[in-house]
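Please read the structure below before turning to the comments.
Readers should treat all values here as calculations from the given coordinates under stated rules, not as data from a laboratory. Owing to the predicted nature of the structure, the values given are computational and were not obtained by experimental measurement. Heads up, the Cβs are rebuilt from the backbone with ideal geometry, glycines too, and the neighbour counts pull from every protein chain shown.
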Amino acid sequence: MTELWYLVSNMWVGTFFYGIYLVLFCICIYILLHRPHNIANTILLVTAITLFTLATVQTILDIILGAGDVDGVLSDETYGQLLYADNMIYVAHSAIADLLFVYRCYVIWNHNIYVVILPIIMVILTIIFGVDQALPLAPFFEITLATNVLVTGLTAGRMWWKGRQVLGHMQPDMQRKYTTSMAIIIESGVIYSAGVLTYLVLGAIPFTAPAQDPTVVMLVQLCGIVPTLLIVRVGLGASVQSEETTAVSDSDVYSRSRPHILGVRSDISRPYDVEKNIPCSDSCGNGKPQSF
């Protein structure tokens, strides 16, 4: 493959996944605007819009940088400034997605701040390694991967531990939906984690290193696609709702009203109505040093 087609293919991968993201984002906004107006849903709405805005700006920058690579229309100074802005946008994009994932874990653990202290520190470390271009790049992705695995484990583990106490009392359809909800929680961490792991593995093998660029372009979009996809799945029916059924949820537990997506209650010892809503998850390069 010539260098020209290699650069064009990178831009194609980015715009292809951005197109997928655009469709999911429109569905996501429609779903969130038709949910109850409360703080948690407002957080999701603002976060979804922010992530999509960052992804849009970064896609535009990637196209401009790609055009600069192809025909050299950009001066070295302009190219460097745009590349730095591109990197910083991804750092912000990744941090916001990770913090939303951490916030979901915090809510599911009944607002226990001690559970999420370590993940918060890890997110701060990723920001430091991302912003300081003098530091090695690999730790940024390694800590991001560790953060996603840790928070996914904490979130799914909490749901499993609480759910095992009441799962036997659920109706079969409730059990199936509860299992589906557990799968969504795990998927939210696995999808992006798999992408980051692929990037790191490709970089560790010399002859596969060129494949890092299209992988990292894909990661830029996955950073927003994964949380947006989860909201869409919830809105299209991946929820649990039953009257006078004992269950546990990582969303609001209530008696006669629709909950917000991120709420939770710790009292799971008596029957009540449940609606399970799983929010987003969680968190790149153009072939240049220190590029995301």
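What ³J(HN,Hα) values, in whole Hz, does the Karplus curve 6.51 cos²θ - 1.76 cosθ + 1.60 give for the stretch 135-144 when θ = phi - 60°, with x put for Gly and Pro?
3J(HN,Hα) across the stretch 135-144, in whole Hz: 7, x, 7, 3, x, 4, 6, 5, 5, 4.
Which value in nm describes the separation of the simple spin-label points at Ile113 and Gln81, placed 7 Å from the Cα toward the beta carbon?
4.2 nm
When ranked by the protection proxy of mean other Cβ atoms within 10 Å per residue, highest first, what sequence do the peptides 48-56, 29-37 form? List each step's numbers first, then the result.
Working: 48-56: 19.8, 29-37: 14.4.
Sorting 48-56, 29-37 by mean packing, highest first, produces 48-56, 29-37.
Using a Förster distance of 30 Å, how high is the FRET efficiency between Val149 and Val46, based on the Cβ-Cβ distance and rounded to 0.05? Don't skip to the answer; put the middle values down first.
Details: r = 27 Å, r/R0 = 0.89.
Step by step, r from the Cβ atoms, then E = 0.65.
Expected output is a single nm value to one decimal: the length gained when fully extending between Val73 and Ile128, i.e. 0.36 nm times separation in residues minus the C-alpha distance. What is it? Kindly include the intermediate steps, with their values, before the conclusion.
Values: separation 55, 0.36 × 55 = 19.80 nm, distance 3.20 nm.
Fully extending the segment from Val73 to Ile128 adds 16.6 nm.
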